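Take a look at the structure below.
The values are calculated or read from the model by the stated rules, or taken from the named source; none is laboratory data. As the structure is a prediction and not an experimental result, all values here were calculated from the model. Please note: Cβ atoms are built from the backbone with ideal geometry, for glycine as well, and neighbour counts cover all protein chains shown. The protein model used for the area step is the full one, side chains on, heavy atoms only, and it has no ligands, DNA or RNA in it. Shrake-Rupley method; radii C 1.70, N 1.55, O 1.52, S 1.80 Å.
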Amino acid sequence: MRALLSLAQLNATKNNRCLDRGMSRLQHDVVIVGGGVIGLSVAYALSREGIRATLLDRREFGREASWAGAGMLPPCSERPPAQPFELLRSWSARLYPKWSDALREETGIDNGFRRTGGVDVAWTEDEENALRTSAGRWRSDGIVFERLAPGDYVRVEPALNPSLRVVYYLPDRSQIRNPWHLEALKTAIEARGVRLRPGEAVVGFETAGGRVTAVRTEHGRIPCGQVIVTAGAWSAGLLEMLGIQVPTPPVKGQIVLLRCQGMVLRRIVEHGRMYLVPRDDGRVLIGATEEDAGFDTRPTTQGVRDLLDEAIRLVPALADAEVERAWAGLRPGSIDSRPYLGTVPDFPNLLVATGHKRSGLQLSPATAEAITDLVLDRPARIDLSLFRIDREPAPASDDVFRS
Ligand SMILES: Cc1cc2nc3c(=O)[nH]c(=O)nc-3n(C[C@H](O)[C@H](O)[C@H](O)COP(=O)(O)OP(=O)(O)OC[C@H]3O[C@@H](n4cnc5c(N)ncnc54)[C@H](O)[C@@H]3O)c2cc1C
């Protein structure tokens, strides 16, 4: 760990080329297993510190949950929130515009980061009460919002059904086009010398003296100094091979993509677990179901119908849109809907960053920075104890930003 730190620092000066070449094996010594948004982001953050990891995926990079997601991002807090989970979220929200600019500069790829603003809506009294509770938390975390007076919805989002009971406007709600973001990350890390190995599934690990010494893949063995498991819903199965119990149950989410004539909708609309995300080419994503269906990723008629019905109820003009496509992805669950971040007890060179469930896209930059701190043995910037794999489950709480 210390050796990596000093190498990273030396490498960052960029004038130690000989040393760098001589130590190149050590450079690829960090092996990241799973190249969704979490693995790609960790590889990116490490590469910015001079660590060129090896990144493995059993298929193409970023084709699972990270591709399937909607790309909604929460607003940034004006002051640091009190809770560790909200701190992680707020840190990530602050990093997104910076990462988006840096990625565009490095790769020429626009990741679609847009501050489109959003509305959270309620039909019933119970939903109104739930939103009022969320608004109390937004206020204490310094999140900008406005409760719109009845009849004033048109000013913010004219397409909304006028019979909605309550509408809150959050001007800083944002989004990315996640497939573009994944492409930008992949392009950036490739250019920075990260060793990319798609189509190479990890099938086991070798250990000695309480350390992981090599990763075994379908194609051979890769000796390693440090391993980071970022394999989404498949993380539990991989860690099980080392006798480590970290539940990451797949949580199926279906999405329907509509193509509209012109810009029917401009703001993100959230209603409970359901949402509409307008893209700037007139498309609208309708998400998402939440199902326990194992590793099945087929969209179903029931799932698609429920999403379409609710979308038309929220925004009646969507009844005329064309249905372009439907798909499903597998969110990596956890014991309490919070991610697992950190070093595995008893394996000091094994780290995990997984279990982000509905929030993996939004939390990916801060997750990557936090893991980079651990790899470089730097002081943690936020308290990660809430995210330990051996924690007690956090009490059930209704997330203020679910996505
Ligand atoms: C419908 C839907 C909507 C969503 N909307 C949002 C949203 O708006 N905002 C948000 O923040 N989040 C959203 N999410 C959640 C988000 O997509 C996930 O939390 C996030 O993508 C998880 O990223 P990941 O990298 O951990 O997992 P994944 O993207 O699933 O990546 C894991 C990778 O590991 C690889 N892998 C698995 N096993 C192995 C192995 N043995 N060897 C090598 N590689 C392996 C897989 O091939 C895969 O590429 C949504 C998810 C869904 C399904």
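Open to solvent by less than 10 Å² (accessible area, probe 1.4 Å), within 20 Å of W67 (Cβ to Cβ), within 10 Å of the ligand (Cβ to nearest atom) and touching a residue at least 24 places away in the same chain (Cβ under 8 Å): which single residue out of V229, V251 fits that description? Full working, then the answer.
On the way: V251 fails: open to solvent by less than 10 Å² (accessible area, probe 1.4 Å).
Just one listed residue meets the conditions, V229.
Take the conditions over 23 Å from D101 (Cα atoms), in contact with a strand residue (DSSP E or B) (Cβ under 7 Å, 6 or more places away or on another chain) and touching a residue at least 60 places away in the same chain (Cβ under 8 Å) and apply them to E146. Does it pass? Full working, then the answer.
Numbers: over 23 Å from D101 (Cα atoms): yes; in contact with a strand residue (DSSP E or B) (Cβ under 7 Å, 6 or more places away or on another chain): yes; touching a residue at least 60 places away in the same chain (Cβ under 8 Å): no.
Answer is no for this residue.
Of all residues in segment 291-307, how many are in contact (Cβ under 8 Å) with a residue 40 or more places away in the chain and among the charged types (D, E, K, R)?
Initially, segment 291-307 is screened for residues in contact (Cβ under 8 Å) with a residue 40 or more places away in the chain, giving 291-297, 299-300, 303-304, 307.
Filter once more, so that each one left must be among the charged types (D, E, K, R): 291-292, 296.
The qualifying residues number 3.
Considering E106, E60, E49, which residue is closer than 30 Å to G333 by Cβ and either at pLDDT 95 or above or buried (at least 19 other Cβ atoms within 10 Å of the Cβ) (or both)? Spell out how you get there, then give the answer.
On the way: E106 fails: closer than 30 Å to G333 by Cβ; E49 fails: closer than 30 Å to G333 by Cβ.
On inspection, the qualifying residue turns out to be E60.
Picking from E206, E218, which residue would you name as being over 24 Å from A293 (Cα atoms), exposed (fewer than 14 other Cβ atoms within 10 Å of the Cβ) and in contact with a Lys or Arg (Cβ under 9 Å, 6 or more places away or on another chain)? First the steps, then the outcome.
Details: E206 fails: exposed (fewer than 14 other Cβ atoms within 10 Å of the Cβ).
Unique residue meeting the criteria: E218.
Just need a number here: residues in segment 372-398 that are open to solvent by 50 Å² or more (accessible area, probe 1.4 Å) and part of a loop (DSSP other than H, G, I, E, B).
Total satisfying the criteria: 14.
So which residues in segment 235-248 are aliphatic (A, V, I, L, M), outside any loop (DSSP other than H, G, I, E, B) and surrounded by fewer than 24 Cβ atoms within 10 Å (Cβ to Cβ), if there are any at all?
We begin by selecting, within segment 235-248, every residue aliphatic (A, V, I, L, M); these are 236, 238-239, 241-242, 244, 246.
Right, trim to outside any loop (DSSP other than H, G, I, E, B) and you get 236, 238-239.
Of everything in segment 235-248, just one residue is aliphatic (A, V, I, L, M), outside any loop (DSSP other than H, G, I, E, B) and surrounded by fewer than 24 Cβ atoms within 10 Å (Cβ to Cβ), namely A236.
Out of all the residues in segment 183-202, which are of a type outside the set (K, R) and open to solvent by 70 Å² or more (accessible area, probe 1.4 Å)?
Let us first name the residues in segment 183-202 that are of a type outside the set (K, R), namely 183-185, 187-191, 193-194, 196, 198-202.
Listed by number, the residues that qualify are E183, E190, A191.
So if I check each of E183, E157, which one is farther than 23 Å from C76 by Cα, charged (D, E, K, R) and touching a residue at least 24 places away in the same chain (Cβ under 8 Å)? Give the derivation first.
Numbers: E157 fails: farther than 23 Å from C76 by Cα.
Step by step, each of E183, E157 is checked, and only E183 is farther than 23 Å from C76 by Cα, charged (D, E, K, R) and touching a residue at least 24 places away in the same chain (Cβ under 8 Å).
Contact list please: Cβ distance under 7 Å, first residue in segment 375-397 and small (G, A, S), second residue part of a loop (DSSP other than H, G, I, E, B), pairs at least six apart or on different chains.
That search, which allows pairs on different chains as well, returns A394/D336; A394/R338.
Restricted to segment 254-290, and to residues that are small (G, A, S) and free of Cβ contacts under 8 Å to residues at least 24 places away in the same chain, which residue is nearest to the ligand (Cβ to nearest atom)? So that I can check it myself, show each step before the final result.
Filtering segment 254-290 down to residues small (G, A, S) leaves 262, 272, 282, 287-288.
The next check asks that each one be free of Cβ contacts under 8 Å to residues at least 24 places away in the same chain; those that pass are 262, 282.
Details: G262: 24, G282: 19 Å.
Selected residue: G282.
Take the conditions in contact with a helix residue (DSSP H, G or I) (Cβ under 7 Å, 6 or more places away or on another chain) and either within 13 Å of the ligand (Cβ to nearest atom) or at pLDDT 95 or above (or both) and apply them to E127. Does it pass?
Working: in contact with a helix residue (DSSP H, G or I) (Cβ under 7 Å, 6 or more places away or on another chain): no; either within 13 Å of the ligand (Cβ to nearest atom) or at pLDDT 95 or above (or both): yes.
So E127 fails the test.
Identify the residue in segment 109-139 that is free of Cβ contacts under 8 Å to residues at least 24 places away in the same chain and open to solvent by 70 Å² or more (accessible area, probe 1.4 Å) and, among all such residues, is nearest to S163 (Cα to Cα). First the steps, then the outcome.
So the first thing to find is which residues in segment 109-139 are free of Cβ contacts under 8 Å to residues at least 24 places away in the same chain, and the list is 126, 129, 132, 136, 139.
Retained after the next criterion (residues that are open to solvent by 70 Å² or more (accessible area, probe 1.4 Å)): 126, 132, 139.
Numbers: D126: 16, R132: 19, R139: 26 Å.
Among those that are free of Cβ contacts under 8 Å to residues at least 24 places away in the same chain and open to solvent by 70 Å² or more (accessible area, probe 1.4 Å), it is D126.
Residue check, W234 against (1) assigned by TED's automatic domain parsing to the domain that holds Y169; (2) in contact (Cβ under 8 Å) with a residue 24 or more places away in the chain, all met but one. Which one?
(1)
List every residue pair whose Cβ atoms sit under 7 Å apart, with the two residues 6 or more apart in sequence or on different chains, where the first one lies in segment 64-88 and is surrounded by 21 or more Cβ atoms within 10 Å (Cβ to Cβ) and the second, anywhere, is basic (K, R) and in a helix (DSSP H, G or I).
Note: pairs meeting the criteria are P74/R89; C76/R94.
Quick one: in segment 237-248, which of the residues that are more than 10 Å from the ligand (Cβ to nearest atom) and in contact (Cβ under 8 Å) with a residue 60 or more places away in the chain is farthest from the chain's Cα centre (by Cα)? I'd like the intermediate steps shown before the answer.
The first filter runs over segment 237-248 and keeps only residues more than 10 Å from the ligand (Cβ to nearest atom), leaving 239-240, 242-247.
Within this subset, residues satisfying the condition of being in contact (Cβ under 8 Å) with a residue 60 or more places away in the chain are 239, 242, 244, 246-247.
Values: L239: 20, L242: 25, I244: 23, V246: 19, P247: 18 Å.
Per the criteria, the residue is L242.
State yes or no: is R114 closer than 17 Å to I268 by Cβ and out of contact with any Leu (no Cβ under 9 Å at 6 or more places or on another chain)? Talk me through it step by step, then tell me what you get.
Working: closer than 17 Å to I268 by Cβ: yes; out of contact with any Leu (no Cβ under 9 Å at 6 or more places or on another chain): yes.
Taking the combined requirement at face value, the residue satisfies it.
Condition test on L95, is it open to solvent by less than 80 Å² (accessible area, probe 1.4 Å), farther than 30 Å from D383 by Cα and either under 21 Å from the mean Cα position of the chain (by Cα) or not assigned by TED's automatic domain parsing to the domain that holds I189 (or both)? Write out each step before concluding.
Numbers: open to solvent by less than 80 Å² (accessible area, probe 1.4 Å): yes; farther than 30 Å from D383 by Cα: no; either under 21 Å from the mean Cα position of the chain (by Cα) or not assigned by TED's automatic domain parsing to the domain that holds I189 (or both): yes.
For L95, the condition - open to solvent by less than 80 Å² (accessible area, probe 1.4 Å), farther than 30 Å from D383 by Cα and either under 21 Å from the mean Cα position of the chain (by Cα) or not assigned by TED's automatic domain parsing to the domain that holds I189 (or both) - is not met.
If I ask for residues that are in a helix (DSSP H, G or I), within 16 Å of the ligand (Cβ to nearest atom) and in contact with an Asp or Glu (Cβ under 8 Å, 6 or more places away or on another chain), which ones from segment 43-86 would you list? If you could, list the steps in order and put the result at the bottom.
Filtering segment 43-86 down to residues in a helix (DSSP H, G or I) leaves 43-48, 65-68, 84-86.
Adding the requirement that they be within 16 Å of the ligand (Cβ to nearest atom) leaves 43-46, 65-68, 85-86.
Of everything in segment 43-86, those that are in a helix (DSSP H, G or I), within 16 Å of the ligand (Cβ to nearest atom) and in contact with an Asp or Glu (Cβ under 8 Å, 6 or more places away or on another chain) turn out to be A45, E86.
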